[in-house]
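> Here's a structure for you.
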């Protein structure tokens, strides 16, 4: 059959994995009750196993010791026997669907924060702090080294007692094991530092202690880096030597290999490659490790497509492919491949909304799949047909919220008509995709286009719906997802006018959509510090403009996530974009053929001027509410949501009430400007009960 290589079973130690697809270790930020794998955690992994994933390695950076902080980002706590019954629930849930489940265990050493929970003392081989977390640390003592080695063994015991299928030792991302490995961090002159064997000693003692505790019938692997990408760090040849050294013990059942260290903001962006990167950018590093080890090799970095995964396996580059974000976007991707429904896979677009939330200490969510991790709340990945009356549903707006509303209502079996004033679906996604490095986000729209066509939605593009248009269809339910418009009128001093010829400023939408041609000397003022301002600056510089991006925030792109802002910064610095913080746009005026932007210091009130030929403003979105208020008075529910039902993921009570006329709901930016995930989440939790 197709995808033969993908569906070949493989042996890891004494464990048989049903296919070659792995959801690799990542920090989910779902563990609760002191780091336990409670219901949300279990349901999240059960869904992947139900969808056909061969192996899930859960709990990225799960701690083995009480002095490796886990509370602020809710990692799994293996430092206590309390975890064992929770693991039993997790293992049972995954095993009943034929999947296997392991957990990554680690001590993070210096790579964490000390300011919370128990206010621990962080440790590293030589007391050198880590740039990303900015945390100070002490030099680890001999007694502490042996204590933590024992903690690794006890953590592995707990995983085995809980019925898990194995553990993965984290020696990647500059955790404690690879902190000992790296001469960049390890400056010791005792038996734990200096020459190669001494730097390997801590990791080797951990491996020996774990194996002695769990025996040979329990899988033990290691996740390692293929190259730290630091001039004074571990090179690819160094990592090949290290992998071969551990492999020669015969005690490592598999290696997980990723490219790049991540102890700086720049290298962190490499580890979870966003849409600015090409597919599998670091596969060559994993292939290099495979050349020198006998144990199976897993690689996971920007592998999103089953054809891509098949090619990698057929080429023999690695033995298993990690498709982690791919499973966050669609936990049923393996089942869809088996059913010949590859086109129905909701493919990850590399937005990195998931991992960027994790680095803020927030729960991992998918930008385009609101059901992911909310399975325990009853949000479905597969929408069942309604058993009630078939209804006429009208959806106005073709952005992410409108597309999800139309899809879900149609999956429920209703007769759906969708209006979109533009000639294409996508809304703000279409605008975002015009920027350099952001084109892949259009994949969200492509998936919806295929699904709406499959479901037979009556799609009316290039048609602006009004009261009369909607009334003619005699709808039972109207969903408004009309979005909004750039909020340009907030400050009169900016000189914004509806007529572009009279306006002194233009919006980022004007630039990215092509409605306004780029100037040659441009000031971009970004009051929001998310994607649009950075994208507009990048786009303008790409077109040859001299650009300065200014914000009154702490830095340009301050609200862009930790794995994403570095790729913007790389591009902007390369294009010589000037980045300026702490200045607000006070006013704009004409002077001859030029524009003068008056900027005011956030802290001193001091003003300074820039003479430019174009001023571009990003100030967020103002809801487009006109149609809502035109329809509100004649709707049965006056457009109101029952918030208790909404937040509890329960049906809106008005859906079961009899009456004449239509129910009215609004969602996404036409309700309150938020983001793509929020619009899709609103649409799913409202429309799933139609």
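> Counting pairs of alpha carbon atoms under 8 Å apart in space and at least six apart in sequence, what relative contact order in percent does the range 10-377 give?
So the answer I get is 17 percent.
> Oh, and also: Name the shape class, rounded, prolate or oblate, that the alpha-carbon gyration tensor gives for the range 10-377, where a ≥ b ≥ c are the square roots of its eigenvalues, rounded holds for a/c under 1.5, and otherwise prolate holds if a/b is larger than b/c and oblate otherwise.
In terms of gyration-tensor shape, rounded.
> Arrange the peptides 384-392, 11-19, 427-435 so that the one whose residues have, on average, the most other Cβ atoms within 10 Å appears first.
In descending order of packing, they fall as 427-435, 11-19, 384-392.
> Under the 0.36 nm per residue contour assumption, what length would be gained going from the current alpha-carbon distance of residue 196 and residue 39 to full extension?
Taking residue 196 through residue 39 to full extension adds about 52.1 nm, to one decimal.
> Let me ask another. Roughly what angle does helix 443-454 make with the longest principal axis of the chain, taking Cα atoms, 0 to 90 degrees, to the nearest 10?
70 degrees
> Between residue 392 and residue 208, 0.36 nm times their residue separation minus their Cα-Cα distance comes to what?
On the way: separation 184, 0.36 × 184 = 66.24 nm, distance 6.54 nm.
Contour length minus the Cα-Cα distance gives 59.7 nm.
> Per 0.36 nm of contour for each residue apart, how much would the distance between residue 587 and residue 384 grow if the chain were fully extended, relative to their Cα-Cα spacing?
Details: separation 203, 0.36 × 203 = 73.08 nm, distance 5.40 nm.
Result for the pair: 67.7 nm of gain on full extension.
> Here is a further query. Using alpha carbon centroids, what distance separates the range 327-364 and the range 583-661, in Å?
30 Å
> Right, here's the next one. Tell me, what is the percent relative contact order of the chain, built from C-alpha pairs under 8 Å that lie six or more residues apart? Please report the intermediate quantities before stating the final value.
Values: 1599 pairs, mean separation 72.3, N = 690.
Averaging sequence separation for qualifying contacts and normalising by length gives 10 percent for the chain.
> For residue 656 paired with residue 342, estimate the spin-label separation in nm (one decimal), with each label point 7 Å from Cα along the Cα-to-Cβ line.
The modelled label-to-label distance comes out at 4.5 nm.
> Please determine, in degrees from 0 to 90 and to the nearest 10, the orientation of helix 236-247 with respect to the longest principal axis defined by the Cα atoms of the chain, where the helix direction is its Cα long axis.
Tilt relative to the chain: about 50 degrees.
> Still on this structure: What nm distance separates the two modelled labels at residue 542 and residue 147, each placed 7 Å from Cα along Cα→Cβ?
Distance between label points: 5.2 nm.
> Label-point separation (nm) for residue 460 and residue 607, each offset 7 Å from Cα along Cα-to-Cβ?
5.0 nm
> Next question. Which whole-angstrom value gives the distance between the alpha carbon centres of the range 484-505 and the range 395-473?
Value for the Cα centre distance between the two parts: 28 Å.
> Roughly how tilted is helix 39-50, in degrees to the nearest 10 and between 0 and 90, from the longest Cα axis of the chain?
90 degrees
> To make sure I understand, if each residue's beta carbon is the centre and we count other beta carbons within 10 Å, what order do 238, 4, 151 fall in, fewest to most? Display every interim value, and only then the final one.
Details: 238 17, 4 10, 151 22.
Least to most surrounded, the residues fall as 4, 238, 151.
> Add -39500 (n - 2.57) for each DSSP H run of 4 or more in the chain, then divide by its residues: what number comes out at 222 nm, to the nearest 500 deg cm²/dmol?
Per the formula, -9000 deg cm²/dmol.
> Between residue 570 and residue 335, what is the FRET efficiency for a Förster distance of 45 Å, r being their Cβ-Cβ separation, to the nearest 0.05?
FRET efficiency, residue 570 to residue 335: 0.75.
> Going by the alpha-carbon gyration tensor, a ≥ b ≥ c the square roots of its eigenvalues, is the range 488-619 rounded (a/c under 1.5) or, if a/c is not under 1.5, prolate (a/b greater than b/c) versus oblate? Each step should come with its number before you reach the end.
Values: a/c = 1.59, a/b = 1.22, b/c = 1.30.
Oblate is the answer for the range 488-619, as a/c is 1.5 or above yet b/c matches or exceeds a/b.
> List the relative contact order of the range 488-619 as a percent without decimals, with contacts defined as Cα pairs under 8 Å and 6+ residues apart.
Answer for the range 488-619 is 31 percent.
> Show me the ranking of peptides 486-498, 318-330 by mean Cβ neighbours inside 10 Å, starting with the highest.
Values: 486-498: 15.7, 318-330: 26.4.
Ranked from most to least packed, the peptides come out as 318-330, 486-498.
> Quick one: Cα centre-to-centre distance for the range 70-114 and the range 126-199, in angstrom?
18 Å
> If you don't mind, there's one more thing I want to ask. At R0 = 45 Å, how high is the FRET efficiency between residue 515 and residue 8 if r is their beta carbon distance? Nearest 0.05 is fine. Intermediate results must be reported in sequence, preceding the final value.
Values: r = 52 Å, r/R0 = 1.15.
For residue 515 and residue 8, the calculated efficiency is 0.30.
Each value in this text was obtained by applying a stated rule to the coordinates, not by laboratory testing. Fair warning: this is a prediction, and the values are worked out from it, not measured in the lab. Using ideal geometry, Cβ is built from the backbone for each residue, glycine included, and neighbour counts are taken over all protein chains shown.
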